[in-house]
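Asks: This is the structure I want to talk about, given as structure tokens.
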Amino acid sequence: METEVMRGTTQRDAGWVLRAAVGADVEVIAELRAAVLRADLERLGRYDEQRVRQRLRDSFSPQHTSIVTIDDEMAGCVTVRPADDRWLLEHFYLAPRHQGQGLGSAVLRAVLERADAQGMTVRLNVLQGSGARRLYERHGFVVEAEDPIDVFMVRPRSGC
């Protein structure tokens with residue numbers, strides 16, 4: 001399996017492009033994560049100003065992360081990490097001003113098309129009560145398990 005799952009994905013017709021992340025992107029992604037997750041984490045009583053950023057820093061993997069750009073400006077990011085016989089969709093964040101316009105669906109479709117082409121199952125987790133869960137359900141993800149904080153979801157490989 002290729003380690004750089006999403007490298008080279010381009011959707012110029014749709015107005016966005018994925019570029020390879022570099023180590024220097026970690027802090028801007030950590031800030032994006034804090035902004036995007038804040039409301040849900042506060043609702044769950046789990047928001048910590050430092051921890052929300054540090055968790056991204058601790059798991060940041062530039063070789064598996066792509067930056068979503070629109071007109072050469074960062075609009076979001078997505079990490080797709082290979083794990084055994086599946087992919088883990090992690091750190092999929094869009095700046096609030098780019099949410100609700102179809103960009104998340106477009107990026108997710110690109111990820112899932114690549115997964116289907118390689119016969120891969122995709123797993124992820126989303127915070128309880130997050131609106132992102134509806135996005136994932138629309139794209140074929142189903143709940144595997146839940147706990148008080150997270151919903152663990154899977155999208156079987158194409159044809160399964």
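The values are calculated or read from the model by the stated rules, or taken from the named source; none is laboratory data. The model shown is predicted, which means the values in this text are computed figures rather than measured ones. Virtual Cβ from ideal backbone geometry, glycine too; neighbours counted across all protein chains shown. The area values use the complete protein model at the heavy-atom level, side chains included, leaving out ligands, DNA and RNA. Shrake-Rupley method; radii C 1.70, N 1.55, O 1.52, S 1.80 Å.
Asks: Among (1) without any contact (Cβ under 8 Å) to a residue 12 or more places away in the chain; (2) in contact with a Pro (Cβ under 9 Å, 6 or more places away or on another chain), where does Leu88 come up short?
Replies: (1)
Asks: How many residues does the stretch 63-73 contain that are surrounded by fewer than 17 Cβ atoms within 10 Å (Cβ to Cβ) and either within 10 Å of the chain's Cα centre (by Cα) or without any contact (Cβ under 8 Å) to a residue 60 or more places away in the chain (or both)?
Replies: The number of residues fulfilling the criteria is 5.
Asks: Give me a count of the residues in the stretch 76-85 that are in a strand (DSSP E or B) and either more than 18 Å from Val17 (Cβ to Cβ) or open to solvent by 20 Å² or more (accessible area, probe 1.4 Å) (or both).
Replies: The qualifying residues number 3.
Asks: Do we find that Gly119 is exposed (fewer than 13 other Cβ atoms within 10 Å of the Cβ) and at pLDDT below 95 in this structure?
Replies: Here the answer is yes, as Gly119 does meet what is asked.
Asks: Residues in the stretch 93-116: is at least one of a type outside the set (Asp, Glu), over 14 Å from the mean Cα position of the chain (by Cα), in a loop (DSSP other than H, G, I, E, B) and crowded, with 17+ Cβ neighbours inside 10 Å?
Replies: no
Asks: Take the conditions over 15 Å from the mean Cα position of the chain (by Cα), among the charged types (D, E, K, R) and surrounded by 13 or more Cβ atoms within 10 Å (Cβ to Cβ) and apply them to Arg157. Does it pass?
Replies: Here the answer is yes, as Arg157 does meet what is asked.
Asks: Give the residues of the stretch 10-62 that are over 28 Å from Ile149 (Cα atoms), open to solvent by 50 Å² or more (accessible area, probe 1.4 Å) and in a helix (DSSP H, G or I), sorted by residue number.
Replies: Arg12, Asp13, Ala14, Ala24
Asks: Taking the stated definitions as given, is Leu88 within 25 Å of Gly23 (Cβ to Cβ), at pLDDT 95 or above and of a type in the set (A, V, I, L, M)?
Replies: yes
Asks: Now, a different point. Taking only pairs six or more apart or across chains, which ones have beta-carbon atoms under 8 Å, a first residue in the stretch 13-42 that is in contact (Cβ under 8 Å) with a residue 24 or more places away in the chain, and a second residue that is part of a strand (DSSP E or B) and among the small types (Gly, Ala, Ser)?
Replies: Pairs found: Trp16/Ala75; Leu18/Ser66; Arg19/Ser66; Ala20/Ser66; Ala21/Ser66; Leu32/Gly76.
Asks: Would you mention how many residues in the stretch 140-153 are open to solvent by less than 80 Å² (accessible area, probe 1.4 Å) and under 21 Å from Leu37 (Cα atoms)?
Replies: Number satisfying all stated conditions: 9.
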